[in-house]
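Engineer: This is the structure I want to talk about, given as structure tokens.
The values are calculated or read from the model by the stated rules, or taken from the named source; none is laboratory data. Model, not experiment: these values are computed from the prediction. Neighbour counts run over all protein chains shown; Cβ positions are idealised from the backbone, glycine included. We work out accessible area using only protein heavy atoms, side chains counted, and drop any ligands, DNA or RNA first. Shrake-Rupley method; radii C 1.70, N 1.55, O 1.52, S 1.80 Å.
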Amino acid sequence: LTGQVALVTGSRPKIRNQIRLMMLRSGATVIATTRFPVDSALRYAKEADFEKWGHRLKIHGLDLRHIPSVEIFCNYIEQQYDRLDILINNAGLCKNIAAEEMSLEDWQEVIDINLTGVFLCSQAVAEEMIDNGGGSIINISSMSAEIVNYPQPQWSYNASKAGVSHLTKSLAAE
């Protein structure tokens, strides 16, 4: 992946750090996003010994629920790096709230981050990838796309990850 540029959207530190590390070891420049404060993401990166990668790892704050921010950020990457070769949609949010107690706001936050964020990021980079002769969009889903993790009350998470799996198949076919 030497010379390639990869965008990795957030998720749990352990998974996210392993994806970043794999990409960096393979030679890619990695632009990572987090919805948490950037300094806490930098702290996790420091704990995972990312300092040795220097300028090839950049961490930025990005709220996948905010459509203009996603578009502006993806345009920034294309202008700053003149390319984007790999998008790894890895962001995820799970709220363990029983169906009868979950608010519409909680439901919407899970769907917006887990499913709509994948759509927005994929759409924002697809045209540029096509114009540049190709690229890779990798969507991280979950086994929860196929099974119900009883007794965890995570119906919004399960539905969103099932949506990610089917969205991925649909995008691949298209």
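Engineer: In the stretch 148-174, what count of residues is obtained for those that are aliphatic (A, V, I, L, M), open to solvent by 50 Å² or more (accessible area, probe 1.4 Å) and under 20 Å from Trp107 (Cβ atoms)? Before the answer, list the steps.
Structural biologist: Step one: filter the stretch 148-174 for residues aliphatic (A, V, I, L, M), giving 148, 159, 162, 164, 167, 171-173.
This time we only want the ones that are open to solvent by 50 Å² or more (accessible area, probe 1.4 Å), so: 148, 171-173.
Right, trim to under 20 Å from Trp107 (Cβ atoms) and you get 148.
Total satisfying the criteria: 1.
Engineer: Sticking with this one: Quick one: which residue in Leu104, Leu62 is buried (at least 20 other Cβ atoms within 10 Å of the Cβ), of a type in the set (A, V, I, L, M) and either farther than 17 Å from Ala162 by Cβ or in contact (Cβ under 8 Å) with a residue 60 or more places away in the chain (or both)? First the steps, then the outcome.
Structural biologist: Values: Leu104 fails: buried (at least 20 other Cβ atoms within 10 Å of the Cβ).
One residue alone meets the criteria, Leu62.
Engineer: When residues of the stretch 33-88 are filtered for being basic (Lys, Arg), modelled with pLDDT of 65 or more and over 19 Å from Thr116 (Cβ atoms), how many remain?
Structural biologist: So the answer is 4.
Engineer: Suppose we filter Ser122, Ser141 for residues that are within 17 Å of Ser170 (Cα to Cα) and either open to solvent by 70 Å² or more (accessible area, probe 1.4 Å) or not in a loop (DSSP other than H, G, I, E, B) (or both); which single one remains? Please lay out each step first, then the result.
Structural biologist: On the way: Ser141 fails: either open to solvent by 70 Å² or more (accessible area, probe 1.4 Å) or not in a loop (DSSP other than H, G, I, E, B) (or both).
Among Ser122, Ser141, only Ser122 is within 17 Å of Ser170 (Cα to Cα) and either open to solvent by 70 Å² or more (accessible area, probe 1.4 Å) or not in a loop (DSSP other than H, G, I, E, B) (or both).
Engineer: Under 6 Å between Cβ atoms, which residue pairs at least 6 apart in sequence (or on different chains) link something in the stretch 123-150 that is closer than 20 Å to Thr9 by Cβ with a partner that is open to solvent by less than 80 Å² (accessible area, probe 1.4 Å) and β-branched (Val, Ile, Thr)?
Structural biologist: Sorted first by the residue in the stretch 123-150, then by its partner, the pairs are Ala124/Val70; Ser136/Ile86; Ile138/Ile88; Asn139/Val118; Asn139/Val164; Asn139/Thr168; Ser141/Val164.
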